[in-house]
1. Tell me, which strands (runs of 3 or more DSSP E) lie completely within segment 15-107 with 1 or more residues that are in the same structural domain as Phe132 (by TED's automatic domain parsing) and β-branched (Val, Ile, Thr)?
2. Restricting to segment 114-149, count the residues that are surrounded by fewer than 18 Cβ atoms within 10 Å (Cβ to Cβ) and within 17 Å of Ala95 (Cβ to Cβ).
3. I need every pair where a residue in segment 220-237 that is free of Cβ contacts under 8 Å to residues at least 40 places away in the same chain and under 11 Å from Ser274 (Cβ atoms) has its Cβ under 9 Å from the Cβ of a residue that is in a strand (DSSP E or B) and not hydroxyl-bearing (Ser, Thr, Tyr), sequence separation at least 6 or different chains.
4. Does Ser35 qualify as being in contact with a Cys (Cβ under 7 Å, 6 or more places away or on another chain) and buried (at least 19 other Cβ atoms within 10 Å of the Cβ)?
5. Output the number of the condition that Ser102 fails; it satisfies all remaining conditions of (1) touching a residue at least 60 places away in the same chain (Cβ under 8 Å); (2) surrounded by fewer than 18 Cβ atoms within 10 Å (Cβ to Cβ); (3) under 27 Å from Leu83 (Cα atoms).
6. All but one of (1) surrounded by 17 or more Cβ atoms within 10 Å (Cβ to Cβ); (2) closer than 20 Å to Pro259 by Cα hold for Glu303; state the number of the condition that does not hold.
Amino acid sequence: MIQMLTAYTEEVDEVEDGIAEILGQIDLGALKKNSIGMVTCHFDFTSTGFISELHKKLPFDFIGMTTIASASQQKHSMYALSLTVLTSDDVVFEAAITGPLSPGDYRQKIETTYQDTAKKINGKPSLILSFFPYTQNISGAEMHKSFDEICDGVPFWGSIATMVDVSYERCHAFCNDNFEKDGLAMILLHGPVDPEFVVVSLPTQSIRKNRGEITKSEGCVLWEVNGIPVVKYLEKLGITVMKDATIVTPLMIYYEGSPEPVALGIYAVNDDGSILCGGEMTMGATIAIGEISIESILSSAAEGMARVINTKNRSGALFLPCVTRYLMLSPNNGDEMSLIAEKLENGRVMPYMIAFAGGEICPVRDETGVFRNRFHNFTFSACIL
């Protein structure tokens, strides 16, 4: 069994005071045989020496990432750091981070780090928690696909790092005091771990009923739907996509064998008329159009929380919804965090952590009930332990 503890601070300038606040919220003497940490924080915490000092004070390793806002049952804010501790007598944890990933070597570095870390837990991981870097030359979908193949389908959950200004220089993952640029951080768990995953991209009423079939694609690039160039197909549905224009229209992808869709964004329109998407555009999968709004964000969060609460006998929940959801709720950006806190009665139902993702990494059950690792956009994502 895993027990979950959390701590929170907004004190970034006075490092000693901030560390004391964190340590004052966690009883280190009550930790079980094995422990690990997860940190989500504003970029400033990684640039002031706070993380390095925190590493010196904690008797366990941790991975972390920058994010646009952090929360636990204590509070939530953009300018905050949240620490989540997982502790157990019968589950083993190992944390690691790759070297800097580049297009020519990212798969090899992920594989080497994963294999070296897996040797330390003396068995196949039961679950992997992961923070991916926000890199300029490797997409989240590419890293996700490689990681899925390397770990042979072991369920892994997490996100891509993000930040207020969503810049490549300021969004990153880390492990302890190792802030390796473009590194991918991971925690491997081995033992009696029985996670449940909740993903809700949009409520049903926000997804158009008509579906098309992907008839020409490669990786994350989509050329044709129903044999029609994708730009023309979208225009027939009343959606205009143009090069260099921001597109906030979720594409709902129904992969073969998956009863629920995966929401993916349109990243760019290419010169040849194809579109670059946030995840795999698998040939033969069906596609529908979603409509995201303040109402659909809060409705999907409420639907997700109903599923979380109905997952009985759990010790804690981790939440990594999409950063787009946070931005689109402006000026009431914290409404989704407040909804989660209200449903969990500020931690009385179960302890929790919330941060925001630049791409959500969450398994989805197929029609046989087996978890399949998927990469998402626009989505409410939770891991319940």
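1. Details: elements: 34-41, 62-66, 70-72, 75-77, 81-88, 92-97.
Ranges flagged: 34-41, 62-66, 81-88, 92-97.
2. Here the count works out to 7.
3. Every condition considered, the pairs that remain are Glu224/Ile214; Glu224/Lys216.
4. Details: in contact with a Cys (Cβ under 7 Å, 6 or more places away or on another chain): no; buried (at least 19 other Cβ atoms within 10 Å of the Cβ): yes.
In short, no.
5. Going through (1) touching a residue at least 60 places away in the same chain (Cβ under 8 Å); (2) surrounded by fewer than 18 Cβ atoms within 10 Å (Cβ to Cβ); (3) under 27 Å from Leu83 (Cα atoms) one by one, Ser102 breaks only (3).
6. (1)
Residues checked against (1) assigned to a strand (DSSP E or B); (2) farther than 21 Å from Cys322 by Cα; (3) of a type in the set (Ser, Thr, Tyr):
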residue: Ser338; (1), (2), (3): no, no, yes
residue: Ala341; (1), (2), (3): no, no, no
residue: Met350; (1), (2), (3): no, yes, no
residue: Met353; (1), (2), (3): yes, no, no
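For (1) closer than 20 Å to Val370 by Cβ; (2) modelled with pLDDT of 95 or more, each residue gets a yes or a no:
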residue: Ser159; (1), (2): no, yes
residue: Val166; (1), (2): no, no
residue: Glu169; (1), (2): no, no
residue: Cys175; (1), (2): no, yes
residue: Phe179; (1), (2): no, no
residue: Gly183; (1), (2): no, yes
residue: Met186; (1), (2): no, yes
residue: Leu189; (1), (2): yes, yes
residue: Asp194; (1), (2): yes, no
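The values are calculated or read from the model by the stated rules, or taken from the named source; none is laboratory data. If you're wondering where the values come from, they're calculated on a predicted model, not measured in any experiment. All Cβ positions, even for glycine, are placed from backbone atoms using ideal geometry, and neighbour counts span all protein chains on display.
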